[in-house]
Structure formats: C-alpha cells, structure tokens
Amino acid sequence: MRLFDVLAVLIGFSALFSWLNDRFLKLPNAIGLMLIALAFSLVLLLPFPFARALEHEVQRMLASIDFSEALLQGMLGFLLFAGALHVDLRELARHKWAIAILASASVVGATILIGCGSWLLFFALGIEIPLIYCMLLGALISPTDPVAVLGILKSAKAPKSLEMKITGESLFNDGVAVVVFMLLAGLAAGETTPGFGDTLMIFATEIVGGLAFGFVIGWIALYMISKTANYQVEIMVTLALAMSGYAIAEHAHVSAPIAIVVAGLIIGSRGRAIAVTEATRYRLDDFWELVDEILNAVLFVIIGLEVLAISITGQFMLAGLLAIPLVLLARLASVGLPFHLLRRHRHFEPGFLSILTWGGLRGGISVALALSLPEGEPRDLILSVTYIIVVFSVLVQGLTLGPLVRRVTASAEGTKHP
C-alpha cells in the first residue's frame, strides 16, 4: 500500500474510534482507542461474509508498516518532547534522585528479574528459549508508558509530587531501557561480547551523552526562540528540535529519547519563563497538544490492530497470562527496594508504592522493541507475551489506576482529618 493510503486509513480509524469513545465509552482516550481497535480486530476474526476481505486488507496494511521503525525512529521523539514540554523542571528537580534511581536501577533490576523469571516460567511450560532472549523480554517490557498514565493521574487528581515522580520516571526510563535492550540484542545476535567495564562505559556514554546533548540542543533552540517574535518560526524551531535532534542523537550514538526529554524540559520550563511570549505560549501548547493527541491516537489504534498480525498459539497465550503476575512482582521488587532505601531520607505520599507498581503501564515502545527482533520462534514467543502484557496493562491496570489513586488519596485525607 502507498504511504498516503496507510496514513489515510490510520487517521480515519483514529478519528472514528476517538469519536466512538468520546460519544459512548468516555474512557481515557488512549485506553478507549485501544479497546475499540482491539474489539474491531476481534470482530474481523469472526466468520462474517465481509470480515475475511476486510481482515485481509487490514493485515496487508499492517504488513506495510514497520511499526518498530515508525515508533522508535519517528513517533517517539515527538511523543517524548510533547510530554516533557508540560513538565515543570523545577518541580522535577526536587525529586531528581528518586526519578534517577527509578528510571535506571529499577529498569535494570526489573530486566534481570523478568528475564530470569520468564526463563524459569517458559522452561516449566516446556518452551525452550535461550536466557538472553528472556533478558530481552525483561528489557523491552520494563519501561513504562508516560502517555497512558499521565492523563489518568491528572483526571484522578493525584498529588502533584506523586504525579511528578511517576511522570519523570516514565519519561526517562524509555531511554535507559532502549540502551539495555540494544546491548542485549547485540549479544543475542552473536556480536563480540563486551566486558563488564566496556558495557558500563557504553551504558554511561549513551545515558550521559544523551543528557549532555539534550542540554546543548535545548539551550540552542531556546536562544533561537528568544531572538524572534514570530510564533510560526518558534514552533518550527521546536519541531526541528524534536525531529532533527532525535536523528542527530541516534547518529552520534547517544540516547536519543533522553536527549529529547531534556530538550523538551528546557523549552517547556525555561522557554516559558524567559523567551516565549504569551501568544506564542498558547499556540505552542495547542500545536504540541494536537501533535501529541494525533500520534497517540494512531499509536494505540495500531497496537489494537496488531492482534491481526500476531500468531498467538494456545501455549503462547498461557505463557503471556502467567507472565503478567511475574511482571507485576518484578515491578514491585524493582521499585520497592529503592523506595524503602529512599524513604529514610525523603517523604513519599501514602500508597506511593502500590500506585507506582500498579501504575507501571506498558505501551507502544514494548511492542515496537519486540517487533524489532529477528524472525524466528523466540521472536514469536516474545512478541506474543509482550502483546498480552501490554493489553492487560493498558486495559486492566489503566482502567483501575484512577479508582486506586482516588481511594488512596481519600484514605490519606481521612487520616489527616479524622
């Protein structure tokens, strides 16, 4: 299919499903879109006269989309920049140590726990798979989705400090997880095994390089914005920052997601304070909110439709369902240990650990990384398990996170005012 045709179909589905969700379901947009797209896909699998031909066309469209490349080399930069643009840098800095540990050590810890646990789980089910592929599953399923969780926390009126910690973790752990995944993918592909010191150096170069590069390009863009009063030019600069900055970071072999998050934080916080005019601020926010909304709609529609392109056998289905509690326990352990260490020195909101554990929603980046694996039985297993975990995460955890936050917040208020 032509690129224009693919985009036309995806935008058409996104608009239709968004309207249906807004008109009838009234769920958070990301959750509603994925639910409707998934239901639409399952309907196409039923033996209706029209379903077979339509299913074939949708599968042909999905086959023409390199979802991994479209997200990791296209959409992710825009989504992360849009998310970072509305985060208060000063507020984020107040929780920098908690966010840094949650976005780094917790990701590595979850990767190890999920990798080893899934290897034992698959072995118990009679599925033979190398440990390195289980570690890849751990790396790709560890990052949480800032898109899905942020809207839920806002609608549930979560405490600002709690929202900031979870948002900050979600924005930065994508970059860390991608670096870990790429290192493990190199090992799985049979590339030369780096020593422990070399691995740490690569990891540090990617992360620190991403932070430094994002800082530099963010301030360059901020200077350019401060020297013009033309809002079209200012918006063009931010668009170039998200797109060109991401591409240059990748070619420079530093973490592009982290670089774009840092650049977005600088533009969002410092730009509002010293450079952007009042009129530009509204136009800039409106522009990036629209970009964010459209790309999120397309992303979750694709995730919902991907069930038509994944071969999920009964054995893989069982493995995916059993992996759900494993991932949740790994999340609890990987964030629980830092939480108990940090609480001696810092204040955490009541129910923080339960909300942080249950609020670790997985999204498009996990599916994209799974799709980037080379063809073969390990890929089919990992993709199936990943898809099942993501669907459970978005639909079940996403729909129950709001009530959990409200209940915990109400309980805390009741304790303060008996």
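The values are calculated or read from the model by the stated rules, or taken from the named source; none is laboratory data. Quick caveat, the model's predicted, so the values are computed rather than measured. Note that each Cβ is placed from the backbone with ideal geometry, even for glycine, and that neighbours are counted across all protein chains shown. To get the accessible areas, we keep the full protein, side chains included, count just its heavy atoms, and leave off ligands, DNA and RNA. Shrake-Rupley method; radii C 1.70, N 1.55, O 1.52, S 1.80 Å.
Checked against (1) of a type outside the set (A, V, I, L, M, F, W, C); (2) open to solvent by 20 Å² or more (accessible area, probe 1.4 Å); (3) outside any helix (DSSP H, G or I), PRO378 meets all criteria but (3).
Looking at ALA37, ALA30 in this structure, which one is among the small types (Gly, Ala, Ser), modelled with pLDDT under 90, open to solvent by less than 50 Å² (accessible area, probe 1.4 Å) and in a helix (DSSP H, G or I)? From the options ALA37, ALA30, the qualifying one is ALA30. If you go through the range 203-253 and keep only what is open to solvent by 80 Å² or more (accessible area, probe 1.4 Å) and in a helix (DSSP H, G or I), you end up with VAL208, PHE215, TRP219, ILE220, TYR223, MET224, GLN232, MET236, MET243, ILE248, HIS251. When ALA319 is tested against the conditions (1) open to solvent by 10 Å² or more (accessible area, probe 1.4 Å); (2) touching a helix residue (DSSP H, G or I) at 6+ places or on another chain (Cβ under 7 Å); (3) among the hydrophobic types (A, V, I, L, M, F, W, C), the lone failure is (1).
Hey, does the range 83-102 have a residue that's closer than 30 Å to LEU20 by Cα, exposed (fewer than 15 other Cβ atoms within 10 Å of the Cβ) and in contact with an Asp or Glu (Cβ under 8 Å, 6 or more places away or on another chain)? Within the range 83-102, not a single residue is closer than 30 Å to LEU20 by Cα, exposed (fewer than 15 other Cβ atoms within 10 Å of the Cβ) and in contact with an Asp or Glu (Cβ under 8 Å, 6 or more places away or on another chain). Screening the candidates LEU187, LEU136 for the property of being at pLDDT 90 or above and either over 19 Å from SER334 (Cβ atoms) or crowded, with 17+ Cβ neighbours inside 10 Å (or both) yields one hit, LEU136. Consider the range 151-184. How many of its residues are among the charged types (D, E, K, R), within 19 Å of the chain's Cα centre (by Cα) and open to solvent by 30 Å² or more (accessible area, probe 1.4 Å)? Number of matching residues: 1. Each residue in the range 326-343 was checked for being within 20 Å of PHE122 (Cβ to Cβ) and of a type in the set (Phe, Trp, Tyr), and 0 of them qualify. Restrict the check to the range 112-126 and report whether at least one residue is assigned to a helix (DSSP H, G or I), open to solvent by less than 10 Å² (accessible area, probe 1.4 Å), among the polar types (S, T, N, Q) and touching a helix residue (DSSP H, G or I) at 6+ places or on another chain (Cβ under 9 Å). For the range 112-126, residues assigned to a helix (DSSP H, G or I), open to solvent by less than 10 Å² (accessible area, probe 1.4 Å), among the polar types (S, T, N, Q) and touching a helix residue (DSSP H, G or I) at 6+ places or on another chain (Cβ under 9 Å): present. Among the criteria (1) open to solvent by 50 Å² or more (accessible area, probe 1.4 Å); (2) over 21 Å from VAL178 (Cβ atoms), the one LEU342 does not fulfil is (1). The conditions of being assigned to a helix (DSSP H, G or I), open to solvent by 10 Å² or more (accessible area, probe 1.4 Å) and not charged (D, E, K, R) are met by VAL396.
For the range 248-274, what are the residues that are among the small types (Gly, Ala, Ser) and in contact with a helix residue (DSSP H, G or I) (Cβ under 8 Å, 6 or more places away or on another chain)? If the condition is that a residue be among the small types (Gly, Ala, Ser) and in contact with a helix residue (DSSP H, G or I) (Cβ under 8 Å, 6 or more places away or on another chain), then ALA249, ALA252, SER255, ALA256, ALA259, ALA263, GLY264, GLY268, SER269, GLY271 are the ones that fit.
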